[in-house]
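The next block holds one structure in the form of structure tokens; read it before the comments.
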Amino acid sequence: MTDPSRPDGQERPSGAPVGFPGGTAVSHLRVYDWPTEDGLAGGSPHLHTASAEGYVVLRGEGTLETLSSAGFRETPLVAGTLLWFTPGTVHRLVNRSGDLELVVVMQNAGLPEAGDAVLTYPPHVLADPAEYQRVTTIPAAEGFADEATAYAEMARAARQRRDLAVEGYLALRDRVVAEGGRALTELHEAAVRLVRDKAAGWYHHWERGPLGQANATGSHLDALAEGRGSHLGEATVYTAESPPGPRRTGMCGLLKVWDLDGARPLG
């Protein structure tokens with residue numbers, strides 16, 4: 001069946017891409033309990049340039065601080081809290097109980113890892129792509145003699161990165177409180193400059209993920225409307241493994257991730 005929403009009138013591609021539902025990625029996050037210069041423990045403030053992000057709180061208590069078009073907001077986090085936010089929202093996780101854990105759902109699996117996120121460093125760092133890259137990069141675990149040394153060095157680099165992002169964030173937060181959401185314009189412009197040269201390489205994440213799955217759903221609806229259901233006979237159960245070794249030192253905490261690209265069918 002042709003797709004009237006497509007200018008070329010071609011059929012939608014059939015076959016569901018293998019991927020987590022919605023082209024999303026999931027991870028388990030233990031929010032950092034390291035204190036920062038304002039006395040609060042937590043993660044690195046940042047924004048995403050093309051992806052929404054959602055949280056399901058599993059345990060502990062904390063706060064999500066956000067800077068957006070609505071200004072500065074603090075949202076309490078307790079077990080069972082569900083929330084999400086759109087691209088451009090500056091977000092900072094605060095770990096008030098010391099044991100805050102979340103399931104994180106990221107739109108556009110693969111995009112954040114490709115550089116979709118921009119940290120809230122001071123303006124002089126955001127204006128220098130080479131310096132931004134230098135202070136953001138966490139050393140690879142493979143470069144150290146043993147796991148304990150690797151974790152210590154990775155944690156040190158992650159903490160330095162977090163502290164620099166908090167420094168820029170606190171100044172930005174003061175401006176947003178005083179001026180409203182328009183105070184974010186300079187950060188948003190800096191973020192666009194930092195990702196502009198990468199963005200052309202991001203399309204495949206979108207095409208094979210959310211777009212591919214949406215097109216497959218369209219094909220399924222076309223088939224069902226015509227009384228066909230052959231796709232039901234292709235039903236499959238998939239699983240994905242978590243890579244061995246220590247948790248990743250993410251922007252907001254220690255991450256357990258799953259290799260969705262390596263997903264495999266069961267049975």
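The values are calculated or read from the model by the stated rules, or taken from the named source; none is laboratory data. Please read these numbers as outputs of a predicted model, since none were measured by experiment. All Cβ positions, glycine included, derive from the backbone under ideal geometry; neighbour counts span all protein chains shown.
Quick notes
- Of residues in the stretch 156-173 being surrounded by fewer than 17 Cβ atoms within 10 Å (Cβ to Cβ), more than 13 Å from V90 (Cβ to Cβ) and without any contact (Cβ under 8 Å) to a residue 60 or more places away in the chain, the one nearest to the chain's Cα centre (by Cα): Q160
- Test set (1) of a type in the set (D, E); (2) more than 18 Å from C252 (Cα to Cα); (3) without any contact (Cβ under 8 Å) to a residue 24 or more places away in the chain - E153 fails condition number: (2)
- Residue within the stretch 111-125 that is more than 29 Å from L77 (Cβ to Cβ) and surrounded by 15 or more Cβ atoms within 10 Å (Cβ to Cβ) present: no
- Among the residues of the stretch 28-36, not a single one is within 18 Å of E113 (Cα to Cα) and modelled with pLDDT under 95.
- Complete set of residues in the stretch 51-66 that are aliphatic (A, V, I, L, M) and under 23 Å from D33 (Cβ atoms): V56, V57, L58, L64
- Residue within the stretch 211-218 that is touching a strand residue (DSSP E or B) at 6+ places or on another chain (Cβ under 9 Å) and either surrounded by fewer than 16 Cβ atoms within 10 Å (Cβ to Cβ) or at pLDDT 95 or above (or both) present: no
- Residue match in the stretch 67-81 (condition: under 15 Å from R173 (Cβ atoms), in a strand (DSSP E or B) and of a type in the set (S, T, N, Q)): yes
- The stretch 219-234, subset under 27 Å from G267 (Cα atoms) and loosely packed, with under 10 Cβ neighbours inside 10 Å, residue nearest to the chain's Cα centre (by Cα): E234
- Residue identified as more than 22 Å from N108 (Cβ to Cβ) and touching a Lys or Arg at 6+ places or on another chain (Cβ under 9 Å) among L254, L172, L232: L254
- Every residue from the stretch 16-61 that is under 10 Å from the mean Cα position of the chain (by Cα), of a type in the set (G, A, S) and closer than 29 Å to V237 by Cα: A25, S27, S51, A52, G54
- All positions within the stretch 49-59 that are over 15 Å from C252 (Cα atoms) and either acidic (D, E) or surrounded by fewer than 21 Cβ atoms within 10 Å (Cβ to Cβ) (or both): A50, A52, L58, R59
- Pairs linking a residue in the stretch 81-103 that is touching a residue at least 60 places away in the same chain (Cβ under 8 Å) to a residue that is acidic (D, E) and part of a loop (DSSP other than H, G, I, E, B), with Cβ atoms under 7 Å and 6 or more positions apart or on different chains, are N95/D33; G98/D33; L100/E61.
- Checking each residue in the stretch 120-144 for being touching a Phe, Trp or Tyr at 6+ places or on another chain (Cβ under 8 Å) and hydrophobic (A, V, I, L, M, F, W, C) picks out V125, L126, V135, A141.
- S242 being touching a Lys or Arg at 6+ places or on another chain (Cβ under 7 Å) and without any contact (Cβ under 8 Å) to a residue 60 or more places away in the chain: yes
- Residue identified as modelled with pLDDT under 95, within 21 Å of L47 (Cβ to Cβ) and assigned to a helix (DSSP H, G or I) among H231, H205: H205
- When L221 is tested against (1) touching a strand residue (DSSP E or B) at 6+ places or on another chain (Cβ under 8 Å); (2) farther than 24 Å from V104 by Cα, just one condition goes unmet, and that condition is (1).
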